[in-house]
Amino acid sequence: MADEKWKTAITDVKPDKIVMRGYPLDELLGRISFAQAIYLVLKGEFPSPEVGKLIDAIFVSSIDHGASPPSILAARTVASTGGELNSAIAAGVLAISRFHGGAIEEGQRLFMEIAKRAAESGVDEKKVVKDVLDEMKAEGKRASGFGHRLHTKDPRTLKLFSLAEELGLAGKHVRIARAVEKVLGEQMGKVLPINVDGAIAALLCDLGFPAEIGNAFFIISRVPGMVAHIHEERTRMKPMRKIDPENFEYDGPPERSVP
């Protein structure tokens, strides 16, 4: 009927009252972390302490990756023209796609498909991995979440997987990701390491997140770093400059220990 109300199960807002997933928002302030709040709004329930710690690590892992990624170059370019903060952020987010930060969703779909085939057929996972990758190779498709232009072993992947194992959260999709890495290396004749996107994809699968929102984790994570670059562009550089993606150098603090 025309007067029938559409439904939302996320947040209820009334005068002097905001309730998110059933919890008064003001009562959450100071009691849960931002990462826990993101989990709550996406999943509808609080994460366990272990899951909350891993989600927090996932967000930290992709907060920034230097001045040269396409999203940062896009954001800094708009900032250089005098564009507003929201415009520069929007430009950076729009630059996140299949080959830059957008591999998480495709990686999740790959790992889920392998897990599904193995479960339905009863065939060994490693055999299913090889079959799927052979099919992809014949069709000219690439496995998202593997290989990196800079890292031969992505330090973020190593830490995320190590933390997941320590917390008891590394499941079959992490196992499948490692099998894919091995078989890809055999196919290509060189190691294609699991990059941070692939690692996040495997972990999100093991945590039960749908692939459709996988890329949101990279976007949410990268925006703070993007803001830092936009502010630096505005305050340290001349406007309307031609930004060379290679001709830059780091002049921040030297490497230091985490307190």
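The values are calculated or read from the model by the stated rules, or taken from the named source; none is laboratory data. All values reported here derive from a predicted model rather than from experimental measurement. Cβ coordinates were reconstructed from backbone atoms using ideal geometry, including for glycine residues, and neighbour counts include every protein chain displayed.
What to note about this one:
- Restricting the first member to segment 175-191 and to residues that are closer than 14 Å to Lys130 by Cβ, and the second to residues that are aliphatic (A, V, I, L, M) and part of a loop (DSSP other than H, G, I, E, B), the beta-carbon pairs closer than 8 Å and six or more apart or on different chains are Val180/Ala143; Glu181/Val191; Glu181/Leu192; Leu184/Ala143; Leu184/Leu192; Gly185/Val191; Gly185/Leu192.
The rows are residues; the columns are (1) of a type in the set (Gly, Ala, Ser); (2) in contact with a Gly (Cβ under 7 Å, 6 or more places away or on another chain); (3) closer than 14 Å to Val223 by Cα.
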residue: Ile38; (1), (2), (3): no, no, no
residue: Val60; (1), (2), (3): no, no, yes
residue: Asp64; (1), (2), (3): no, yes, yes
residue: Pro69; (1), (2), (3): no, no, yes
residue: Ile72; (1), (2), (3): no, yes, yes
residue: Val93; (1), (2), (3): no, no, yes
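- Criterion: touching a residue at least 12 places away in the same chain (Cβ under 8 Å) and exposed (fewer than 12 other Cβ atoms within 10 Å of the Cβ) - qualifying residue of Glu45, Glu4, Glu27: Glu45
- Filtering Lys190, Lys153, Lys182 for residues that are of a type in the set (Lys, Arg), touching a Pro at 6+ places or on another chain (Cβ under 7 Å) and over 21 Å from Pro49 (Cβ atoms) leaves a single hit, Lys153.
- Qualifying residue in segment 187-195 (condition: touching a helix residue (DSSP H, G or I) at 6+ places or on another chain (Cβ under 7 Å), small (Gly, Ala, Ser), on the phi > 0 side of the Ramachandran plot and exposed (fewer than 14 other Cβ atoms within 10 Å of the Cβ)): no
- Residues satisfying the stated conditions in segment 97-132, i.e. of a type outside the set (S, T, N, Q), surrounded by fewer than 20 Cβ atoms within 10 Å (Cβ to Cβ) and closer than 30 Å to Ile243 by Cβ: Arg98, Phe99, His100, Gly102
- The one condition in (1) surrounded by fewer than 16 Cβ atoms within 10 Å (Cβ to Cβ); (2) in contact with a helix residue (DSSP H, G or I) (Cβ under 8 Å, 6 or more places away or on another chain); (3) at negative phi; (4) not hydrophobic (A, V, I, L, M, F, W, C) that Gly168 fails to fulfil: (3)
- Highlighted here are the helices (runs of 4 or more DSSP H) found entirely within segment 1-73 that include at least 1 residues which are closer than 25 Å to Gly252 by Cβ and not assigned by TED's automatic domain parsing to the domain that holds Asn195: 34-43, 49-61.
- Residue match in segment 236-250 (condition: touching a Ser or Thr at 6+ places or on another chain (Cβ under 9 Å), of a type in the set (Phe, Trp, Tyr) and in a loop (DSSP other than H, G, I, E, B)): yes
- Annotation: of all residues in segment 52-64 being of a type in the set (Val, Ile, Thr) and buried (at least 19 other Cβ atoms within 10 Å of the Cβ), the one that is farthest from Ile200 (Cα to Cα) is Ile55.
- Any hit, segment 168-184, residues being within 25 Å of Leu110 (Cα to Cα), of a type outside the set (Asp, Glu), touching a Phe, Trp or Tyr at 6+ places or on another chain (Cβ under 9 Å) and at pLDDT below 95: yes
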